[in-house]
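Trainee: Would you mind keeping the following structure in view while I ask a few things?
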Amino acid sequence: MRNIKSTHKPIINFYAELKQYENLGATNETEVRLAFATLSRDSSKFTDWKRPPLVGEENPPSWIRP
């Protein structure tokens with residue numbers, strides 16, 4: 001398994017995305033969930049990590065019903 005460092009592109013992108021959310025006024029973890037999901041997905045490519053897909057990644061949004 002490879003170690004992930006703060007200089008790896010997924011980490012740099014994560015902090016850049018968080019900064020964008022901050023500029024938009026994001027104030028809670030739900031609003032930055034996508035940034036973390038992207039970090040998790042991209043980091044898993046560098047490691048042996050396995051992660052379950054998020055809701056909507058496998059099924060098109062039209063499958064979500066109220």
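Trainee: Filter the stretch 1-38 down to the residues that are over 14 Å from the mean Cα position of the chain (by Cα) and touching a residue at least 24 places away in the same chain (Cβ under 8 Å) and list them by number.
Mentor: Passing the criteria: Met1, Arg2, Ile4, His8.
Trainee: For the stretch 31-42, which positions are of a type in the set (D, E, K, R), touching a helix residue (DSSP H, G or I) at 6+ places or on another chain (Cβ under 8 Å) and over 19 Å from Thr7 (Cβ atoms)? Show your work before the answer.
Mentor: Kept after step one, since they are of a type in the set (D, E, K, R), are these residues of the stretch 31-42: 31, 33, 41-42.
Then drop every residue that is not touching a helix residue (DSSP H, G or I) at 6+ places or on another chain (Cβ under 8 Å), which leaves 31, 42.
Scanning the stretch 31-42 gives a single hit, Glu31.
Trainee: Right, something else. Do we have any residue at all in the stretch 21-30 that's modelled with pLDDT under 85, surrounded by 12 or more Cβ atoms within 10 Å (Cβ to Cβ) and within 29 Å of Asn3 (Cβ to Cβ)?
Mentor: No - not one qualifying residue is present in the stretch 21-30.
Trainee: Return the residue satisfying two criteria in turn: it lies in the stretch 31-45 and is assigned to a helix (DSSP H, G or I) and among the charged types (D, E, K, R), and of such residues it is surrounded by the fewest Cβ atoms within 10 Å (Cβ to Cβ).
Mentor: Arg33
The values are calculated or read from the model by the stated rules, or taken from the named source; none is laboratory data. None of these values were measured; they are calculated from a predicted model. Cβ: placed from backbone, ideal geometry, glycine included. Neighbour counts: every protein chain shown.
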